[in-house]
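Down below is the structure, laid out as structure tokens.
The values are calculated or read from the model by the stated rules, or taken from the named source; none is laboratory data. Bear in mind the structure is a predicted one, so any value in this text is a computation, not a measurement. Quick reminder, even Gly has a Cβ in these numbers, built from the backbone with ideal geometry, and neighbours come from all protein chains shown.
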């Protein structure tokens with residue numbers, strides 16, 4: 001079976017705006033559009049995987065995950081994570 005490529009995006013709610021200024025409202029609107037696009041990508045990839053019999057795995061990194069990388073993540077690290085099912 002094949003595997004679908006990864007898709008990056010946020011799916012969790014963003015904090016609400018504090019002030020109803022035009023820049024704050026515009027920023028919240030753009031953030032919501034980007035999030036909706038990411039959720040749409042997940043659904044589209046899921047539907048394609050089901051249609052074509054491809055494995056579909058989804059992982060979301062929690063918003064409170066704050067570990068900083070000491071060096072760029074490499075393909076081998078990604079493969080290790082996938083093998084472990086994390």
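Check the range 37-53 and report whether any residue there is touching a strand residue (DSSP E or B) at 6+ places or on another chain (Cβ under 8 Å) and at pLDDT 80 or above. Looking through the range 37-53, at least one residue is touching a strand residue (DSSP E or B) at 6+ places or on another chain (Cβ under 8 Å) and at pLDDT 80 or above. None of 24, 57, 41, 37 is under 22 Å from residue 82 (Cβ atoms) and not in a loop (DSSP other than H, G, I, E, B) except 41.
The residues in the range 30-57 that are surrounded by 11 or more Cβ atoms within 10 Å (Cβ to Cβ) and touching a helix residue (DSSP H, G or I) at 6+ places or on another chain (Cβ under 9 Å) can be counted, and the count is 2.
Summed over the range 12-24, residues that are exposed (fewer than 12 other Cβ atoms within 10 Å of the Cβ) and at pLDDT 75 or above total 5.
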